[in-house]
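Every number here is computed from the coordinates shown, using simple stated rules; none is lab data. Please read these numbers as outputs of a predicted model, since none were measured by experiment. Glycine gets a Cβ as well: all are built from the backbone with ideal geometry, and neighbour counts include every protein chain shown.
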Amino acid sequence: MEWPEHLVNEAKKRIEPYDVEGFVLGKGDDRGRVMIVGEAPGENEAVKGEPFIGRAGDELDKQLDYLGLSREDVYITSVVRSRPYKWVKTNKKGMGGRRRANRKPNQKEIYAHAKLLDYQIEQMKPDIIIALGGVAYERLTGNKGKLSDVVGEAITTSVQKEEDGGYGMSEDEYTVVPLYHPAAVFYNPKIKEDIYRSLDQLKGYLKREGE
Ligand code: URA
């Protein structure tokens, strides 16, 4: 995807005040039908500048495979482009007693990078936007409801975009499909059945729409 330099520079400047590192714009087929929106890069992604290349990425690949998709078919991006971290204690040698751990992005960080996602959506106009996890779902739809109530559903909706110091709604409507974040299974292995049920729903939708 071609990027206006001013947009990238502005986003980098706006995220500066926060505890974040690295910068990842996105990767994949921006002329395809499917955009996948994650939360924010993790450690590996922040170092390499590529989305979903760590443990969550392996899980995402498994789920894409189950859907009959590959990374080449989709465009992968996220709500925030830099890795939000917090300092935690560690006993590991050579670390000086502390290390950086991942954390969820806060609303200010999400807003600092809002124009990047708006731009990508407007450029690509995807048929389907898969929102991976609650942060992506809320950022896109403005809905603060529980992810478990909507997971796997194909929701036709306008999406939030940066406007006048807050958010407005897009003129165009999109189909947003919320899924659990691939990392959810690491924290809660019991969720696996729910994950595959939602993937089956999405698979059915993709098949119907592809015909
Ligand atoms: N989680 C995300 O949301 N994006 C990544 O790139 C990695 C983990």
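Summary table below
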| item | result |
| --- | --- |
| Candidate aspartates and glutamates - alpha carbon under 14 Å from Lys115, same-chain residues fewer than 8 apart omitted | Glu5, Glu10, Glu162, Glu163, Asp164 |
| Of Val24, Val185, Val177, the one that fluctuates the most in a GNM where the chain has Cα springs shorter than 10 Å | Val185 |
| Cα Rg, Dmax (largest Cα-Cα span) when computed across segment 154-202, Å | 15.1, 42 |
| Average Cα contact separation per residue, segment 64-138, under 8 Å, 6 or more apart, as relative contact order % | 28 |
| Estimated dipole of the chain in Debye, rounded to 20 [Cβ of Lys and Arg +1, of Asp and Glu -1, Cα centre] | 1440 |
| Cα centroid separation, segment 52-78 to segment 148-211 (Å) | 15 |
| Within straight-line cross-link reach of Lys161, aspartates and glutamates at Cα separation under 15 Å, skipping those fewer than 8 residues along the same chain | Glu109, Asp118, Glu122, Glu138, Glu171, Asp172, Glu173 |
| Paired Rg and Dmax values of segment 118-195, which use every Cα atom, in angstrom | 13.4, 42 |
| Under-5 Å amide H pairs with Val177, H placed in peptide plane, nonlocal only | Ile129, Ile130, Ala131, Ile155 |
| Highest-MSF residue in the chain out of Met124, Met95, Met169 [GNM, Cα springs under 10 Å] | Met95 |
| DSSP H segments from the chain that extend 15 Å or more along their own axis, Cα-based, with Kyte-Doolittle mean of -1.0 or above | 114-124 |
| Theoretical ellipticity at 222 nm over the chain - DSSP helices of four or more residues, -39500 (n - 2.57) apiece, nearest 500 | -10500 deg cm²/dmol |
| Highest-MSF residue in the chain out of Thr90, Thr175, Thr157 [GNM, Cα springs under 10 Å] | Thr90 |
| Entries of Lys89/Lys125; Lys27/Lys108; Lys86/Lys144; Lys27/Lys146 with Cα pairs more than 32 Å apart | Lys89/Lys125 |
| Fraction of antiparallel bridges per DSSP, the chain only, in percent to nearest 5 | 55 |
| Per DSSP, loop trypsin sites (Lys or Arg not before Pro) in segment 87-182 with at most 16 further Cβ within 10 Å | Lys92, Lys93, Arg103, Lys144, Lys146 |
| D_trans [Stokes-Einstein, Kirkwood Rh over alpha-carbon pairs] for the chain, 4 °C, 1.567 mPa s, µm² s⁻¹ | 74 |
